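Working notes for the structure below.
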Amino acid sequence: MLLHDSHDATTDEAIMLAWQSGDAAAFDRLYERHRGGVFRYFLRQCRDRGRAEELHHDVWLKLIKARDSWKPTARFTTWLYTVARNRLIDYWRANAPLRLAALDDDAHAAPESYDPLSASASEQHGTRLVAALGALPEAQRDAFLLHVEGGLALADVAKLTGTTQETVKSRLRYAYARLREALGDLQ
Amino acid sequence: MNDDELERQWRARSTELPSRQLDEAIRTAAQRAMRRRPAWQRYVPLAAAASVGVIALLLVRQAPNPAPARDVPVAREALESSPAPVSAAPSAPFAAAPEVDAAESLAERSRVVSLEKEQQAAMTAQGVAEASAHDEAPASAKALARAEASAPPDARAPAVVPAPAVTDQAIDGLLPKIEALVKADAARRTGIKPEEATIVAVEAVTWSDGALGCRTPGELAIQVLTPGYRVEVDAAGTRLVYHTDMHAQIRVCERISVPDVP
């Protein structure tokens with residue numbers, strides 16, 4: 001099923017189809033649109049720039065290899081972040097097996113606790129937000145990054161993570177609350 | 001602060017990007033992939049070359065062989081106005097087809113088969129000839145060996161595979177029963193006694209078909225190398241040329257000087 005009109009060159013799917021049909025510049029447009037989101041998804045999950053770049057590179061190479069076989073049966077971003085998330089899971093499986101289960105475990109404690117009261121008053125919003133995100137449970141952080149960085153709709157996040165839309169809503173609600181709490185007096 | 005405002009603040013502050021080198025590496029990989037042809041396209045030139053080779057091979061196999069070095073137009077002309085060739089015994093396996101088109105079609109098919117048979121026969125003859133180079137080899141084997149060196153005959157023409165420089169030796173080797181049959185036929189045609197007919201020349205020949213190179217129009221003949229003789233007989237001033245095999249089949253292929261006596 002074609003989700004978008006192929007003449008609409010602004011959708012990701014149309015750009016992908018253009019790239020498939022030989023428009024070399026289409027890839028640059030697609031990459032420019034999503035390079036930041038994908039990279040930051042890995043960066044917030046791994047909290048290591050080198051690893052994030054490695055995973056980011058892998059995902060885009062996979063997309064390049066799948067150029068001929070890709071079909072517009074789903075939203076492009078859903079497909080892209082499914083690939084990214086699977087690559088992240090593979091990475092964790094190889095490097096930190098204990099963290100693997102945490103992606104689907106809301107009750108799992110964050111690997112690093114964050115006490116907003118201990119942050120110095122001079123911390124900027126961004127620093128606090130990033131730190132607070134790192135302190136979130138894996139599942140909430142995953143839902144937040146897919147929704148905010150990836151731009152996925154709740155339904156897409158639910159489909160991608162294998163949960164219901166209500167669960168995603170719940171995770172996001174907790175995540176927003178924690179982040180607001182982290183900002184505290186800076187709001 | 002509501003959720004939208006929180007998201008806005010997040011987006012405003014979460015701005016990290018991959019390094020320029022990484023971007024370049026990914027873009028370069030994409031450009032390389034664009035230049036690379038799909039796997040199936042890489043085999044297209046190979047498949048095309050193989051197809052051309054197969055077609056060329058088929059064409060070579062189907063192409064007619066060069067015409068024989070020697071043609072006998074006189075024989076064809078003479079036979080068209082003469083009765084059926086005389087055969088003192090059951091002739092080699094052949095059949096006359098009522099329609100020329102069908103006959104030519106069958107002849108074409110049999111010609112293809114015969115080419116392989118000819119090659120096999122020639123190879124066999126070569127082996128025989130080499131093995132008995134200094135022995136009293138049969139004339140047929142010698143003729144086959146000589147025929148192997150000559151060009152393959154074309155079945156459409158009155159294919160003859162001449163054997164070079166055989167006359168004296170062949171006369172000595174002419175089988176008595178063939179000599180008797182030829183003389184008897186010449187005598188019958190010219191109205192003389194058999195002993196009055198004289199053999200003028202004998203040549204050992206390997207014919208390219210069972211009709212001894214004397215097919216009549218529309219006649220089918222098995223395509224097989226047939227050793228025999230070309231015998232020239234003088235009968236009361238009439239010169240008759242017979243094509244024979246090594247057994248009992250003789251055919252008049254040429255008449256020179258005077259026509260048949262009715």
Practice item. Name the residue, out of A:97, A:116, A:111, that is at pLDDT below 90 and either among the basic types (Lys, Arg) or buried (at least 17 other Cβ atoms within 10 Å of the Cβ) (or both). Key: A:116
Check your understanding: Any idea which residue in region A:65-86 is nearest to residue A:31 (Cα to Cα), counting only those that are within 14 Å of another protein chain (Cβ to nearest Cβ) and surrounded by 19 or more Cβ atoms within 10 Å (Cβ to Cβ)?
Key -> A:80
Review point. Here are some conditions: (1) touching a His at 6+ places or on another chain (Cβ under 8 Å); (2) buried (at least 21 other Cβ atoms within 10 Å of the Cβ). Residue A:152 meets all but one. Which one does it not meet?
Key: (1)
Practice item. For residue B:206, work out the one condition from (1) among the hydroxyl-bearing types (Ser, Thr, Tyr); (2) in contact (Cβ under 8 Å) with a residue 60 or more places away in the chain; (3) under 14 Å from residue B:176 (Cα atoms) it doesn't fulfil. Key: (3)
Review point. Which of the residues that make up region A:154-169 are without any contact (Cβ under 8 Å) to a residue 60 or more places away in the chain and not β-branched (Val, Ile, Thr)?
Key: A:154, A:155, A:158, A:162, A:165, A:166, A:169
Check your understanding: For the subset of region A:158-187 comprising residues that are within 12 Å of another protein chain (Cβ to nearest Cβ) and among the small types (Gly, Ala, Ser), which member is nearest to residue A:82 (Cα to Cα)?
Key -> A:175
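Kindly indicate whether residue B:226 is farther than 17 Å from residue B:177 by Cα, out of contact with any Phe, Trp or Tyr (no Cβ under 7 Å at 6 or more places or on another chain), among the β-branched types (Val, Ile, Thr) and surrounded by 24 or more Cβ atoms within 10 Å (Cβ to Cβ). Show your work before the answer.
On the way: farther than 17 Å from residue B:177 by Cα: yes; out of contact with any Phe, Trp or Tyr (no Cβ under 7 Å at 6 or more places or on another chain): no; among the β-branched types (Val, Ile, Thr): yes; surrounded by 24 or more Cβ atoms within 10 Å (Cβ to Cβ): yes.
Judged against the criteria, residue B:226 is not a match.
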Check your understanding: Is it true that residue A:61 is within 12 Å of chain B (Cβ to nearest Cβ), closer than 20 Å to residue B:20 by Cβ and buried (at least 20 other Cβ atoms within 10 Å of the Cβ)?
Key -> no
Exercise for review: Being facing another protein chain (nearest Cβ under 8 Å) and crowded, with 20+ Cβ neighbours inside 10 Å is the filter here, so list the residues in region A:32-43 that pass it.
Suggested key: A:39, A:40, A:43
Point to revise | Members of region A:33-90 found to be in a helix (DSSP H, G or I), touching a residue at least 40 places away in the same chain (Cβ under 8 Å) and among the charged types (D, E, K, R), listed by number | key: A:40, A:44, A:51, A:85
Study note, to complete from the structure: Among A:146, A:160, A:136, the single one that is part of a helix (DSSP H, G or I) and in contact with a Lys or Arg (Cβ under 7 Å, 6 or more places away or on another chain) is A:160
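The values are calculated or read from the model by the stated rules, or taken from the named source; none is laboratory data. Just so we're clear, the structure is a prediction, and the values are computed from it rather than from any experiment. Ideal geometry is used to build each Cβ from the backbone, glycine not excepted, and the neighbour counts take in all protein chains shown.
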